[in-house]
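Okay, so here's the structure we're looking at.
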Amino acid sequence: LKPFWLKVTISHHELGGCSCCVGPMSVLKSFVDSVKSGHLAQKRRGPVHVPTGDLEVALNPQRALVFAVREMAQECAKSFDTLRRAQTNLMRAAQAYLAFDIAGLDESALALLQASSGFFTGFESFLAKSGLKEVVIRCDQIIKEHEEIAALMKARDAAHGEFEHYNEKVAGMLATPEFRMRNPEKLSSNQKKLTDHQRLAGDARKKCDLAVRKVVERRIFDARATLHAALKAYVHSVAGLGDGAAPVAKAFRNELKVGTPIEVVGLPEGNPLQGLNSTVSSHCSKSGQISVKMPDGDGEKALWPEHLVPVGVAPEAEDGEADAVAAPSLKVSPDRGPTEGFDVEVALSGSLAGSTVSDVLVGGEPTEILQASVENIRIRVPPGAASSPLRLELRREGWRNYISSMDDAIRYFEAVGFGACGFNVELAASSRGPQGPCLAVATRTSGLIQGVALTAAPVPIVIEGAKSLDHQQTRRRYFEIEIMEVAEQRTTKAISVGFAWPLNASGSVIALAASSSSAAAAVGQEDASAGSLSVVDAVAAQKLAWGHLPDSAAQLARGLVVGGDLPKAYFAGQDINKINGWRPLKDVGTGSVLGAFLEEESGGKISLTVFQDGVRRCTATAQLPESWGVVSPHGVVDVCGHIRRVELRQGATLPVDRKEELPPPPPAASQMPEDVAPVTSFCPPTRSP
């Protein structure tokens, strides 16, 4: 039996070095170099290649390593805690000093104090998640396992001792014939005890060997969970300290760079340099002094940095280099939402990380802060109108003029929902993201036709860049749907998408659509139950306004749609040409995203382009009759054939490749005349819903 305390050491000669005065780092480097060169390759073993006789011996270096890792992790965590307390006390003292005398620090020093405070707070949050404490916990677990193994070894040795005792005792009895003749009962009793202790010793040995082998064969995992994890946590923490300090350190370096305008302060009364306004001319790296230009070009004077107060920035730094510390990064999610208002999460980083944000402005207007932490804040963006992107401003608490901003940070979109629909379509609200009060999901519950669904309101005009609607020569409208469910049954019908123009007559759809939109918008402002009733009323009003919808979108008398199988373009209920390059029956499936892009030129020419997953697939053109152009078109989706459920995507943006040239569509057998009149059968007398 090998004792548990047996030590295994490697001499300096095995490491390839000498035996005199070798430091720990040199020994470790020599060991690693020897392993890399193959000198100790024969000592490397995999997790299942440790001989049984070496198992207990292998526990010693494992246990010693775990203790060393635990000590290192504890000391590092303790040092970081001490550093955090010192930083906190320093900032409290600085705050108390400024509360007593706000003029006791110049503007430049105050700005750098602000930056340092943000770095301290962010670093404190970073260290709290360093992982060093978790390493200590894992080390304690492994040490406990080793202690349990030591107890098993002790029990095994005790059981083996008892077995040896009775083995020698029975052997002595059997060696004496007279004893066997006179004391057969005693011999039998000792033989039974010998058998029992032999079994107990065997069980103890097996239990101990199993526990030892389990720990030894897991040594690679434990080494990664302790040594590797401790080094990773420590290096990651130090790297985080450097990354966080880098912009602050750069700001300190740039504070008094060459060319910076300064004022001399703190010199004895009567000193001619006291109150001098000059510029920094050079730095002396050896002494640490800074030279400034004397008045009237009379040479230079070297002064200590604490006597110099910046009163401006160096000319070459006016592009923002000196303000690198005040350029925190903001990440907004989501960056767009419905005009009814929505919640936004803003992640903080850079010099603003760890700060306490007191005010948030969107487009210059204050917003409500719902939740705030050192890493992010959650705000409620108030209702607004769809327009150009808005500016986001964050103001930090406790310091003057400390503002972080982000241009083009947040954009509103008009929520798009379904309204009028076929008999086989059921509408529902979406459960994904900020959608606004609308029914964005259309599901065909039965049959293969009567799946036409129109948007409740006209599709909003796309505002490109900073242009207003009045300055856009071409009106562009775009909406997207996502295919949520397809049917497994075989069919020859396929989905269609496009636009439809309502009638402009007495009982006009326009007024009804507006009232429907207002009713739907009330959902976000009234009680939940009342809001649900408003949506139902809005859909009922839409169905009443549009009347009986045809079996398919291709039959819409005032529509321009593309789709079906074989795919064609349909205008005013008539086939105008075939479509090449896109076959929805085969190309469209669950998860596909279809976009319908309508362009209306001033002369009445319209074009419909279909995108699938951001790629332009086909385009159809037509001439819009004058009587149609006085109203705005609604989006059309024909949920037919193998498509069962679709959802309108909110805030959809035009794909970037929409300006690519496409081959002209094939000539149609019969082109629709430009002065085509709307078919009167499109909206027959309606019946009550």
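The values are calculated or read from the model by the stated rules, or taken from the named source; none is laboratory data. These figures come from a predicted structure and were not determined experimentally. Note that each Cβ is placed from the backbone with ideal geometry, even for glycine, and that neighbours are counted across all protein chains shown. The protein model used for the area step is the full one, side chains on, heavy atoms only, and it has no ligands, DNA or RNA in it. Shrake-Rupley method; radii C 1.70, N 1.55, O 1.52, S 1.80 Å.
Consider only pairs whose beta carbons are under 7 Å apart and that are at least six residues apart or on different chains; among these, list those whose first residue lies in region 535-550 and is at positive phi and whose second residue is at pLDDT below 65. These pairs meet every condition: GLY547/CYS683; GLY547/PRO684; GLY547/THR686.
Residue-level check: of (1) at negative phi; (2) open to solvent by 30 Å² or more (accessible area, probe 1.4 Å); (3) modelled with pLDDT under 85, GLY270 misses just (1). The single residue among SER388, SER373 that is modelled with pLDDT under 85 and touching a helix residue (DSSP H, G or I) at 6+ places or on another chain (Cβ under 9 Å) turns out to be SER373. Within region 583-624, being without any contact (Cβ under 8 Å) to a residue 12 or more places away in the chain and over 21 Å from GLY564 (Cβ atoms) holds for one residue alone: GLY603. Among the residues of region 119-130, those identified as part of a helix (DSSP H, G or I) and either touching an Asp or Glu at 6+ places or on another chain (Cβ under 8 Å) or surrounded by 14 or more Cβ atoms within 10 Å (Cβ to Cβ) (or both) are PHE119, PHE120, THR121, GLY122, PHE123, GLU124, SER125, PHE126, LEU127. Can you pull out the residues in region 580-600 that are assigned to a loop (DSSP other than H, G, I, E, B) and modelled with pLDDT of 90 or more? TRP582, ARG583, VAL588, GLY589, THR590, GLY591, SER592, listed by residue number.
Restrict the check to region 167-181 and report whether at least one residue is outside any helix (DSSP H, G or I), open to solvent by 70 Å² or more (accessible area, probe 1.4 Å) and farther than 30 Å from LEU112 by Cα. Yes, region 167-181 has at least one match.
For VAL216, are the conditions met, namely being part of a helix (DSSP H, G or I), β-branched (Val, Ile, Thr), under 58 Å from the mean Cα position of the chain (by Cα) and surrounded by 15 or more Cβ atoms within 10 Å (Cβ to Cβ)? Yes: the conditions hold for VAL216.
Scanning region 426-440 for residues that are at pLDDT 90 or above and either among the polar types (S, T, N, Q) or buried (at least 24 other Cβ atoms within 10 Å of the Cβ) (or both) yields one hit, ALA440.
Residue-wise test of (1) open to solvent by less than 20 Å² (accessible area, probe 1.4 Å); (2) modelled with pLDDT of 85 or more.
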residue	(1), (2)
PRO61	no, yes
GLY104	no, no
SER117	yes, no
ILE137	no, yes
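For the structure I just gave you, tell me whether ALA249 is buried (at least 19 other Cβ atoms within 10 Å of the Cβ) and hydrophobic (A, V, I, L, M, F, W, C). Answer is no for this residue. Going by the conditions given, is VAL57 open to solvent by less than 30 Å² (accessible area, probe 1.4 Å), modelled with pLDDT of 85 or more and assigned to a helix (DSSP H, G or I)? No, not satisfied. Taking the condition open to solvent by 40 Å² or more (accessible area, probe 1.4 Å) and either part of a helix (DSSP H, G or I) or modelled with pLDDT of 90 or more (or both), does ASP222 pass? So ASP222 fails the test.
Can LYS133 be described as open to solvent by 40 Å² or more (accessible area, probe 1.4 Å), part of a helix (DSSP H, G or I) and free of Cβ contacts under 8 Å to residues at least 12 places away in the same chain? No, not satisfied. How many residues are more than 20 Å from SER373 (Cβ to Cβ), at pLDDT 80 or above and exposed (fewer than 15 other Cβ atoms within 10 Å of the Cβ) if we restrict to region 78-99? Number of matching residues: 13. For beta carbons closer than 7 Å, sequence separation of 6+ or different chains, a first residue in region 140-156 that is closer than 25 Å to HIS197 by Cα and surrounded by 13 or more Cβ atoms within 10 Å (Cβ to Cβ) and a second that is of a type in the set (Lys, Arg) and at pLDDT 90 or above, the qualifying pairs are LEU152/LYS207; ARG156/ARG205.
All told, VAL311 falls short of being of a type in the set (A, V, I, L, M, F, W, C), within 30 Å of ALA77 (Cβ to Cβ) and open to solvent by 50 Å² or more (accessible area, probe 1.4 Å).
On the stretch given as region 273-308, residues that are among the β-branched types (Val, Ile, Thr), touching a helix residue (DSSP H, G or I) at 6+ places or on another chain (Cβ under 9 Å) and surrounded by fewer than 17 Cβ atoms within 10 Å (Cβ to Cβ) total 0.
Among the residues of region 253-307, count how many are without any contact (Cβ under 8 Å) to a residue 40 or more places away in the chain and assigned to a loop (DSSP other than H, G, I, E, B).
Residues that pass the stated criteria total 19.
If you take the residues of region 545-567 that are modelled with pLDDT of 90 or more and in a helix (DSSP H, G or I), which of them is least open to solvent (accessible area, probe 1.4 Å)? Among residues in region 545-567 that are modelled with pLDDT of 90 or more and in a helix (DSSP H, G or I), the one least open to solvent (accessible area, probe 1.4 Å) is ALA553. Selection within region 594-641: residues that are within 38 Å of the chain's Cα centre (by Cα) and open to solvent by 20 Å² or more (accessible area, probe 1.4 Å). The member of this set that is farthest from GLU482 (Cα to Cα) is GLU599. Of all residues in region 568-590, those satisfying the criterion of being buried (at least 17 other Cβ atoms within 10 Å of the Cβ) and either among the charged types (D, E, K, R) or farther than 22 Å from PRO633 by Cα (or both) are LYS568, ILE579, TRP582, ARG583, PRO584, LEU585, VAL588. In region 321-338, of all residues being out of contact with any helix residue (DSSP H, G or I) (no Cβ under 6 Å at 6 or more places or on another chain) and open to solvent by less than 30 Å² (accessible area, probe 1.4 Å), the one that is modelled with the highest pLDDT corresponds to VAL332.
Condition first: outside any strand (DSSP E or B) and either among the basic types (Lys, Arg) or in contact with a helix residue (DSSP H, G or I) (Cβ under 6 Å, 6 or more places away or on another chain) (or both). Now tell me which residues in region 569-579 satisfy that. If the condition is that a residue be outside any strand (DSSP E or B) and either among the basic types (Lys, Arg) or in contact with a helix residue (DSSP H, G or I) (Cβ under 6 Å, 6 or more places away or on another chain) (or both), then GLY573 is the only one that fits.
Cβ-Cβ distances below 9 Å connect the following pairs, each with a first residue in region 226-244 that is in contact (Cβ under 8 Å) with a residue 60 or more places away in the chain, a second residue that is among the polar types (S, T, N, Q) and surrounded by 15 or more Cβ atoms within 10 Å (Cβ to Cβ), and a separation of six or more residues or different chains: ALA233/SER130; TYR234/SER130; HIS236/SER130; SER237/SER130; GLY240/SER130; GLY244/SER351.
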